[in-house]
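Just below is one structure, and these are the notes that go with it.
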Ligand code: F6R
């Protein structure tokens with residue numbers, strides 16, 4: 001996730017910005033940059049002409065940016081004169097365009113009199129860019145952000161009454177999407193202007209100057225006094241004032257709050273671990289992944305770039321993935337086959353290339369990998385391309401190897417995941433699976449408009465339903481507190497619940513080191529039921545769906561063998577609790593969509609059990625975030 005830090009005060013800001021950016025490193029990034037308001041320097045001061053003297057006093061924004069780590073940026077800054085007391089800084093986590101120097105922030109307008117840093121996604125940037133190009137603006141990066149300084153420049157040029165603050169207010173009304181934006185202008189040397197739509201941004205106040213930051217840790221060493229900025233508000237920050245304007249442009253009062261967090265707890269936003277933080281970020285990750293694809297009931301997923309012929313001739317979809325991503329592939333198979341009536345084969349990356357797979361140009365090959373670096377998945381992609389298949393990658397990391405080695409890429413926008421174990425990237429992948437299934441069904445006219453709209457509307461409220469589950473995390477914790485001493489866990493589900501049972505078991509084993517298995521519940525009697533005794537916990541995924549009765553019978557079977565049962569049920573299900581020792585209620589949804597609501601309590605369950613056992617949930621033993629060896 002991108003990070004912003006900005007300062008205006010009486011101190012030199014270069015080190016304030018660099019140190020602030022370092023404090024935001026935990027958010028994940030792939031490039032960094034700063035922009036500082038400086039006096040234009042004329043090295044030949046003694047022999048300068050009058051014009052050169054004027055030039056020397058002119059202000060300019062010195063932008064220094066670099067791909068890679070902040071150390072790389074520091075190296076680039078060595079020996080450069082960038083003295084100034086007003087500046088903006090940014091760590092970029094690429095969403096539009098490769099993570100290279102050109103795409104890093106800050107971005108300039110044409111005249112280089114405005115520089116902007118931005119965190120978020122501008123959905124309508126292509127339209128804005130097109131309009132601006134017609135008006136003569138020239139763009140040099142692939143980013144959505146670059147339209148912002150140009151748009152500010154254009155507003156200031158065409159509206160004689162506008163200043164940078166007013167221009168930001170107008171800009172916020174023109175853009176769709178999300179954004180925390182901070183702008184710096186040479187004609188406005190005593191202020192920084194910010195605007196916010198659905199991306200984090202706070203202001204910090206100190207006696208030596210004021211700050212903007214996407215997160216407290218960036219400026220905690222300078223101040224503990226903060227001001228919250230809400231959506232569609234704009235802010236003028238001067239050396240001694242924070243002026244907040246409401247969406248109507250009216251100056252409003254806002255109380256200052258005192259943060260009591262330490263640096264470490266602030267990085268995790270007060271959560272004990274990154275894993276827990278990331279579990280709680282899932283409503284955001286789901287919303288961001290749908291952003292621009294489902295908006296106010298309108299479904300647009302043309303970025304799949306499949307023409308009518310390709311869809312008509314599509315004989316098979318092959319999905320490959322590893323670990324947690326493999327479980328999202330299994331969900332993909334279920335929904336694509338059901339909605340779009342296209343056969344889907346799912347393979348584990350490490351198996352695929354060794355089994356003489358059948359794939360050709362009439363297959364669509366999808367590779368799912370949150371990191372984009374998993375060697376087994378990459379090798380499978382190579383194998384498929386060798387055989388003529390077109391490869392579509394689904395990944396969370398822009399510029400990752402898979403994004404370069406595939407024919408097309410669909411990004412999940414869960415934000416960077418720091419905890420080794422995949423949580424928010426998984427639910428974002430599931431969303432993409434739903435979108436692909438629905439999109440193909442729509443293109444093949446296999447779903448009525450009502451049915452399609454029903455799914456779209458339900459997906460739009462899914463973040464709120466996931467939030468409802470998260471609000472009851474305390475109930476899961478209690479169940480974990482009561483059951484963590486058990487030594488055998490069986491996770492059972494059927495149809496849409498089966499991949500979630502597999503995922504629940506994987507989460508538990510990888511962070512708690514307890515033996516856990518996921519099974520299709522009907523398979524129990526073919527072997528695993530022999531394991532059940534009083535030491536076994538059976539976690540049953542039993543939503544209200546068309547296999548509910550069958551699942552209930554399976555749970556009764558294990559109950560009869562003295563296992564303890566923890567059942568995930570739909571709200572209002574009074575029946576299952578007759579057999580289950582513990583239940584957790586999920587909100588109602590369509591049966592195809594339950595997975596996303598089921599996996600969240602399963603992640604929490606694994607988390608709380610592991611915490612009871614004193615495990616390091618963010619860095620479980622023997623595991624790595626990207627598995628780049630075979
Ligand atoms: C589980 C987990 C791993 C990954 C697997 C694939 O929590 O994180 O099982 O899912 O290593 O990784 P990606 O999706 O990066 O290919």
Quiz prompt | Per-region count, region 237-258, residues loosely packed, with under 14 Cβ neighbours inside 10 Å, modelled with pLDDT of 95 or more and not in a loop (DSSP other than H, G, I, E, B) | solution = 2
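Residue 364 - would you say it is more than 16 Å from the ligand (Cβ to nearest atom) and within 24 Å of residue 452 (Cβ to Cβ)? Lay out the reasoning, then the answer.
Numbers: more than 16 Å from the ligand (Cβ to nearest atom): yes; within 24 Å of residue 452 (Cβ to Cβ): yes.
Taking the combined requirement at face value, the residue satisfies it.
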Quiz item: Is region 292-300 home to any residue that is in contact with a strand residue (DSSP E or B) (Cβ under 7 Å, 6 or more places away or on another chain), more than 14 Å from residue 435 (Cα to Cα), at pLDDT below 90 and away from the ligand (no atom under 16 Å from the Cβ)?
Solution: no
Quiz prompt | Verdict on residue 493 being within 24 Å of residue 340 (Cα to Cα) and crowded, with 19+ Cβ neighbours inside 10 Å | solution = yes
Quiz item: Does residue 276 fit the bill of being touching a helix residue (DSSP H, G or I) at 6+ places or on another chain (Cβ under 7 Å) and over 30 Å from residue 344 (Cβ atoms)?
Solution: yes
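Can you go through 597, 555, 593, 568 and tell me which one is closer than 23 Å to residue 321 by Cα, more than 16 Å from the ligand (Cβ to nearest atom) and either touching a strand residue (DSSP E or B) at 6+ places or on another chain (Cβ under 7 Å) or part of a strand (DSSP E or B) (or both)? Walk me through how you get there before you give the answer.
Numbers: 555 fails: closer than 23 Å to residue 321 by Cα; 593 fails: either touching a strand residue (DSSP E or B) at 6+ places or on another chain (Cβ under 7 Å) or part of a strand (DSSP E or B) (or both); 568 fails: closer than 23 Å to residue 321 by Cα.
597 is the lone residue from the list that is closer than 23 Å to residue 321 by Cα, more than 16 Å from the ligand (Cβ to nearest atom) and either touching a strand residue (DSSP E or B) at 6+ places or on another chain (Cβ under 7 Å) or part of a strand (DSSP E or B) (or both).
When the residues of region 170-186 are filtered to those that are over 15 Å from residue 8 (Cβ atoms) and touching a residue at least 60 places away in the same chain (Cβ under 8 Å), which remaining residue is farthest from the chain's Cα centre (by Cα)?
Looking at residues that are over 15 Å from residue 8 (Cβ atoms) and touching a residue at least 60 places away in the same chain (Cβ under 8 Å), I get 172.
If you check 350, 406, which single one turns out to be closer than 20 Å to residue 329 by Cα, surrounded by fewer than 23 Cβ atoms within 10 Å (Cβ to Cβ) and within 16 Å of the ligand (Cβ to nearest atom)? Show your work before the answer.
Working: 406 fails: surrounded by fewer than 23 Cβ atoms within 10 Å (Cβ to Cβ).
Checking each option against the conditions leaves just 350.
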Quiz prompt | Hits in region 98-131 (condition: closer than 22 Å to residue 73 by Cβ and in a strand (DSSP E or B)) | solution = 107, 108, 114, 115, 116, 117, 118, 119
Practice problem: Determine, yes or no, whether residue 198 is crowded, with 16+ Cβ neighbours inside 10 Å, more than 23 Å from residue 13 (Cα to Cα) and over 27 Å from the mean Cα position of the chain (by Cα). | Solution: no
Exercise. State whether one or more residues within region 140-151 are in contact (Cβ under 8 Å) with a residue 24 or more places away in the chain, within 25 Å of the chain's Cα centre (by Cα) and closer than 28 Å to residue 223 by Cα.
Key: no
Exercise. Identify the residue in region 218-236 that is surrounded by fewer than 17 Cβ atoms within 10 Å (Cβ to Cβ) and in contact with a helix residue (DSSP H, G or I) (Cβ under 8 Å, 6 or more places away or on another chain) and, among all such residues, is nearest to residue 200 (Cα to Cα).
Key: 232
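Could you grab me the full set of residues in region 573-590 that are farther than 24 Å from residue 489 by Cβ and modelled with pLDDT of 95 or more?
Step one: filter region 573-590 for residues farther than 24 Å from residue 489 by Cβ, giving 574, 587-590.
Hits for region 573-590 are 587, 588, 589, 590.
For region 205-217, state whether one or more residues are free of Cβ contacts under 8 Å to residues at least 60 places away in the same chain and buried (at least 17 other Cβ atoms within 10 Å of the Cβ).
Restricting attention to region 205-217, the residues satisfying the condition of being free of Cβ contacts under 8 Å to residues at least 60 places away in the same chain are 205, 207, 216.
From the residues that got through so far, the ones that are buried (at least 17 other Cβ atoms within 10 Å of the Cβ) too are 205, 216.
For region 205-217, residues free of Cβ contacts under 8 Å to residues at least 60 places away in the same chain and buried (at least 17 other Cβ atoms within 10 Å of the Cβ): present.
Quick grid of which residues meet (1) at pLDDT 95 or above; (2) within 16 Å of the ligand (Cβ to nearest atom); (3) surrounded by 24 or more Cβ atoms within 10 Å (Cβ to Cβ):
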residue	(1), (2), (3)
504	yes, yes, yes
508	yes, yes, yes
514	yes, yes, no
520	yes, no, no
523	no, no, no
529	no, no, no
533	no, no, no
536	no, no, no
542	yes, no, yes
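Would you please name the residue that is nearest to the ligand (Cβ to nearest atom), looking only at residues in region 367-391 that are part of a strand (DSSP E or B) and over 15 Å from residue 328 (Cα atoms)?
We begin by selecting, within region 367-391, every residue part of a strand (DSSP E or B); these are 367-369, 390-391.
Next, from what is left, pick out any that are over 15 Å from residue 328 (Cα atoms): 390-391.
Numbers: 390: 20, 391: 14 Å.
It comes out as 391.
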Practice problem: Could you list, in sequence order, all residues of region 312-330 that are more than 14 Å from the ligand (Cβ to nearest atom) and in contact with a helix residue (DSSP H, G or I) (Cβ under 9 Å, 6 or more places away or on another chain)? | Solution: 314, 317, 318
Quiz item: Just for region 16-42: of the residues that are farther than 19 Å from residue 192 by Cβ and touching a helix residue (DSSP H, G or I) at 6+ places or on another chain (Cβ under 6 Å), which one is modelled with the lowest pLDDT?
Solution: 42
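The values are calculated or read from the model by the stated rules, or taken from the named source; none is laboratory data. Worth saying up front: this structure is predicted, and the values here are computed from it rather than measured. Backbone-built Cβ (ideal geometry, glycine too); neighbour counts: all protein chains shown.
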